[in-house]
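Enquirer: Attaching a single structure in C-alpha cells format; questions to follow.
Read the figures in this text as sums done on the coordinates, not as results from a lab. Everything quoted here is computed from the prediction, not taken from an experiment. Heads up, the Cβs are rebuilt from the backbone with ideal geometry, glycines too, and the neighbour counts pull from every protein chain shown.
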Amino acid sequence: MNNNCVRVRSQPHTKCTDCPIRNMALFQGVPKERLEWTQKYRQHQFIVPAKTRLYIERSKPEYVYTLFDGWMAMYQTSQTGKRQILRFALPGDFLGFQADANGVISHSVSALTESIVCGFPRHRLKKMFDEQPILALRLATMESRDMSLCQHHQTFGSRKDAHESIAFLLLELFHRTRKQMSHHYNRQDNSITFPLTQEDIGDAVGLTNVHVNRILREFTRENVIDCHRRRLRILNEDRLAEIGEFSVDLIAGNPLI
C-alpha cells in the first residue's frame, strides 16, 4: 500500500466463520467447515480513513481486498487531473485483482467513508484458487455482474441525457445498498445511507456539480426522491426507473452455472 494513513485494524479481526458479509463476498460458496481454511489466506484487516487511497493506478498492489465495511470509489485520472469514477464499491466487492501481466493496476481506489478491507497477499491468490476452484467460478460471476453494469454505462451513457444517467445511478446504488448493506436501509421511509457528494455523482456520470445539483433539485420538486443529510429516499421508484431505464435484474448477479 502506498498511503501511510491506511493502518492494520488493531482490534481482533473478524473471523471468516463469523463474517456478516460472506454471502455477498468471494467466499460465498465455501462450506462453513472450510472457512478456517479461508482464514489462513487473509493476512490482515485494514482501516482506510475517508478520502484516503487504498492503492493508486499504475502501481503494483501487494494485496487484493474484500471490502468489509464502507463505501469506496474505483476511478481513473486523466492527464489533466480529472477523475472518472468507474464504479462504486460496497461491502462484499473484491478489489485490486484487475492487474496486467506485470501486476500493474489500471485504476485507483479511495475511501468515500471510513472503510475496512480484508487483505489477501496477491502472490497467494493462485494457490488459493487452485485449492478451492469454486472461488474462480464465484469471481467470474461477480465480474460478470460488474461488467454488465459497466457495459450498460458505456453503451447507453452516450445516448442517455443527464436525467437518465443520474436516475440510473441512484437506483443502482439504492438496490445494491439494500442488498449489500441491509443495515443501512430504512424500510419505513424507503431510504438508504448515501455518502456521495454531488462531485462524486458528477465524476461517475460525466457532469459538473452545478448540473448534478440542478437535476437532483428537479427530482426533489417532482417528489421522485429526497436526498439530504447523507440519506437517499426513493419516493417514486417506478418513475425513477422509467427515467433511467433501470431494471433490478442488472445487479442480480445470478450464478453462471
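Enquirer: Using the 10 angstrom Cβ neighbour count as an exposure proxy, how do E33, E222 rank, fewest first?
Expert: E33, E222
Enquirer: Also: Under a 5 Å amide H to amide H cut-off, with H placed in plane at 1.01 Å, what residues pair with L95 once short-range neighbours are removed?
Expert: Y65, T66, L67
Enquirer: Further, regarding this structure: log₁₀ I(q)/I(0) of the range 7-138 at q = 0.17 Å⁻¹, via Debye over equal Cα point scatterers, no solvent, to two decimals?
Expert: -0.91
Enquirer: Another question, then. How do the peptides 175-184, 205-214, 112-121 rank, highest first, by the average count of neighbouring beta carbon atoms within 10 Å per residue?
Expert: 112-121, 175-184, 205-214
Enquirer: About the Cα centre of the chain, what is the dipole size in debye to 20, counting +1 per Lys and Arg Cβ and -1 per Asp and Glu Cβ, all else neutral?
Expert: About 780 debye.
Enquirer: Sorted from fewest to most neighbouring beta carbons within 10 Å, what does the list W71, W37 look like?
Expert: W37, W71
Enquirer: Any idea how far apart A101 and K32 come out in nm if each label point goes 7 Å out from Cα toward Cβ?
Expert: It works out to 4.5 nm between the two label points.
Enquirer: Once you list every other residue whose beta carbon is under 14 Å from the beta carbon of E237, what net charge do they have if Lys and Arg are +1 and Asp and Glu are -1?
Expert: With Lys, Arg at +1 and Asp, Glu at -1, the net is -3.
Enquirer: Sticking with this one: Give me the number: length gained by fully extending Q76 to Q11, i.e. 0.36 nm times residue separation minus the C-alpha to C-alpha distance, one decimal in nm.
Expert: Computed gain between Q76 and Q11 is 20.1 nm.
Enquirer: Count charges around F94 for me, please; just the other residues with Cβ under 13 Å from its Cβ, Lys/Arg as +1, Asp/Glu as -1.
Expert: +3
Enquirer: Could you work out how far apart the two model spin labels at S59 and R229 are, taking each label as a point 7 Å from the Cα in the direction of the beta carbon, and quote it in nm?
Expert: Roughly 3.7 nm, to one decimal.
Enquirer: Can you list residues from other chains, or at least 5 along the same chain, whose modelled amide H is less than 5 Å from the amide H of H44?
Expert: Long-range HN contacts for H44: G119.
Enquirer: Further, regarding this structure: Using unit Cβ charges (K, R positive; D, E negative) and no other charged atoms, how large, in debye to the nearest 20, is the dipole of the range 159-249 about its Cα centre?
Expert: 380
Enquirer: Let me ask you something else. Work through the residues other than S108 whose Cβ is under 10 Å from its Cβ and net out their charges, Lys, Arg +1 and Asp, Glu -1.
Expert: +2
Enquirer: Another question, if that's okay. Could you sort 91-104, 15-28 so that the peptide with the highest average Cβ count within 10 Å comes first and the rest follow in order?
Expert: 15-28, 91-104
Enquirer: About its Cα centre, how strong a charge dipole does the range 29-103 have in debye, to the nearest 20, once Lys and Arg get +1 and Asp and Glu get -1 at the Cβ?
Expert: Dipole magnitude for the range 29-103 comes out near 220 debye.
Enquirer: In the range 61-91, whose amide N lies under 12 Å from the spot 7 Å out along Cα-to-Cβ of T113? List them in ranges.
Expert: 69-72, 90-91
Enquirer: Quick one: 3J(HN,Hα) in Hz for the range 64-71, Karplus 6.51/-1.76/1.60 with θ = phi - 60°, rounded, Gly and Pro as x.
Expert: Here the 3J(HN,Hα) series is 10, 9, 9, 6, 8, 7, x, 10 Hz.
Enquirer: I need the phi-derived Karplus couplings for the range 108-119: 6.51 cos²θ - 1.76 cosθ + 1.60, θ = phi - 60°, integer Hz, Gly and Pro marked x.
Expert: Once rounded to whole Hz, the list reads 9, 10, 10, 8, 7, 10, 4, 10, 10, 10, 9, x.
Enquirer: Debye sum, Cα scatterers, the range 159-249, no solvent: what log₁₀ I/I(0) at q = 0.11, 0.18, 0.19, 0.21 1/Å?
Expert: The calculated log intensity ratios at q = 0.11, 0.18, 0.19, 0.21 Å⁻¹ are -0.27, -0.75, -0.84, -1.05.
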